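Each remark here refers to the structure printed beneath this line.
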Amino acid sequence: MRHLARLADYCSITNMHTKNLAIVWAPNLLRSKQIESACFSGTAAFMEVRIQSVVVEFILNHVDVLFSSKLSSVIRDGAGVSH
């Protein structure tokens, strides 16, 4: 994800900003067996891929926070979790 976010930094040259990267990569990063099955119509499959691309775009736009060592240590230590 960090690599894709770095690619987005060059969007002025490549025109591959986070939205375009998300559209291209979302179906591979968030693969869904339901979409691949025969029960999904074209419209339903399109809507599912749209949701996937929004999620990937969000991750790419917030990669520094989501994959920071500080957040990882908070999660690992279980801070904020009540028992």
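The values are calculated or read from the model by the stated rules, or taken from the named source; none is laboratory data. Just so we're clear, the structure is a prediction, and the values are computed from it rather than from any experiment. Ideal geometry is used to build each Cβ from the backbone, glycine not excepted, and the neighbour counts take in all protein chains shown. Each accessible area value is taken on the protein alone, full model and side chains, heavy atoms only, with ligands, DNA and RNA left out. Shrake-Rupley method; radii C 1.70, N 1.55, O 1.52, S 1.80 Å.
Here are some notes:
- Computed E for Thr14/Thr43 - FRET, C-beta separation, R0 30 angstrom, nearest 0.05: 0.45
- The listed residues Thr14, Thr43 rank as Thr43, Thr14 when sorted by accessible area, largest first, using a 1.4 Å probe.
- Here the simple spin-label model places points 7 Å from the Cα toward Cβ, and for His3 and Val54 these points are separated by 2.8 nm.
- Among the protein heavy atoms, those of Ile13 account for about 130 Å² of accessible surface (1.4 Å probe, every chain in place).
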